[in-house]
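S.K.: Just dropping this structure here.
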Amino acid sequence: MENNTLDILICGFKPLFLDFARQLFDIETQISQKDYKIIVIGESGGAVATDLSCGYIICPQSMELDGRIKCGGIITCGMDIKCTLSFSSIDYDKALLSINRRIDFDDKSIHQCEKPVDYYEQLSVYENLVLQGLNILTM
């Protein structure tokens, strides 16, 4: 993965993940504008105290969005085929990513498929899925 520049807001993640994500993407962790290309919310939630809009939100499958974020699309992540993104297998530093629903973003579409990807053992399963979601949206 390479460092991609988009308006990306990341909320509710631990410093280890944020440091890792900063190496790959140009991210913000504090709200500095009203409109983002991508907003990513951590497993424990992310306090969004203001109304925002975005092209896509990446969040856990179990999260209920409270209406403070208006978005064009949602990518849910988890270990369930109901999620947009999941892993069908994980083996140390490699995993098989399952894209369970088509993702349309800007002028591109990613169709349902499975593809081999890198897996970072120091991160949680959800954090790895978030990185893959960001990679898909920023390619």
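S.K.: For segment 4-138, what is one quarter of the convex hull surface built on the Cα atoms, given in nm²? Intermediate values should be presented prior to the final figure.
M.R.: Working: hull surface 30.0 nm².
With every direction weighted equally, the projected area is 7.5 nm².
S.K.: Right, another one. Take each of the peptides 23-31, 51-59, 80-88, 108-116, average the number of other beta-carbon atoms within 10 Å over its residues, and list them starting from the highest.
M.R.: Final packing ranking: 51-59, 80-88, 23-31, 108-116.
S.K.: Through the Karplus equation 6.51 cos²θ - 1.76 cosθ + 1.60, θ set to phi - 60°, convert the phi angles of segment 78-86 into ³J(HN,Hα) values in whole Hz; use x for Gly and Pro.
M.R.: After applying 6.51 cos²θ - 1.76 cosθ + 1.60, I find x, 9, 9, 5, 6, 6, 5, 10, 8 Hz.
S.K.: Compute the long axis of helix 15-24 from its Cα atoms, compare it with the longest principal axis of the Cα atoms of the chain, and write down the angle in degrees, 0 to 90, nearest 10.
M.R.: Tilt relative to the chain: about 80 degrees.
S.K.: Follow-up. Would you tally the net charge around residue 72, using a Cβ to Cβ cut-off of less than 12 Å, leaving residue 72 out, and scoring K and R as +1, D and E as -1?
M.R.: -1
S.K.: Just subtract the alpha-carbon distance of residue 7 and residue 110 from 0.36 nm times their residue separation and send over the number in nm, one decimal. Present the calculation step by step, with values, prior to reporting the outcome.
M.R.: Values: separation 103, 0.36 × 103 = 37.08 nm, distance 2.03 nm.
Extra length from residue 7 to residue 110 when fully extended: 35.0 nm.
S.K.: Here's another thing I want to ask about it. Taking the mean number of other Cβ atoms within 10 Å as a proxy for protection, how do you rank 7-14, 98-105 from highest to lowest?
M.R.: Values: 7-14: 20.2, 98-105: 16.5.
For the peptides 7-14, 98-105, the packing ranking is 7-14, 98-105.
Each reported figure results from applying straightforward, stated rules to the coordinates on display, with no laboratory input. These numbers come from a predicted model, not from an experiment. Virtual Cβ from ideal backbone geometry, glycine too; neighbours counted across all protein chains shown.
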